Amino acid sequence: SILVETGFISNANEASKLASASHQQALARSISAGVRQFFQQNPPPGTYIAWLRDSGKIAQGPRDHRVQPGDTVAMLAVRFQVTPAALRSANNLKTDELKIGQVLTI
């Protein structure tokens, strides 16, 4: 579950908007789109969304990953179900610094 602050009822203008069905619907659509986008970009390992991201392939053995904007060692470790230390070791990384376009062995 998540808690999202959508406005302050102590502010008359915001309270009026929050009472409006159309404003509530717009907020709900925006929150839903944001959550959906987050999970599509960061699917939990082993989920259907992760399977779709990987084109329906089950990961077995080493594979390559081209670093995309926003990728971090920690995030990739979670995504591919390996430890950050194993990811650094497999790629001879001295630090967690990644370069966009860099190809990593997972």
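Screening Val73 on (1) surrounded by 14 or more Cβ atoms within 10 Å (Cβ to Cβ); (2) within 24 Å of Ser1 (Cβ to Cβ); (3) β-branched (Val, Ile, Thr) shows it passes everything except condition (2).
Looking only at residues that are polar (S, T, N, Q) and at pLDDT below 80 in region 32-74, which one is farthest from Gly101 (Cα to Cα)? So the residue we want is Gln60. Scanning region 42-60 for any residue that is in contact with a Ser or Thr (Cβ under 9 Å, 6 or more places away or on another chain) and exposed (fewer than 11 other Cβ atoms within 10 Å of the Cβ) turns up nothing. Going through (1) loosely packed, with under 13 Cβ neighbours inside 10 Å; (2) of a type in the set (A, V, I, L, M, F, W, C); (3) part of a helix (DSSP H, G or I) one by one, Val4 falls short only on (3).
The values are calculated or read from the model by the stated rules, or taken from the named source; none is laboratory data. Bear in mind that the values here come from a model prediction, so they are computed numbers and not experimental data. Cβ coordinates were reconstructed from backbone atoms using ideal geometry, including for glycine residues, and neighbour counts include every protein chain displayed.
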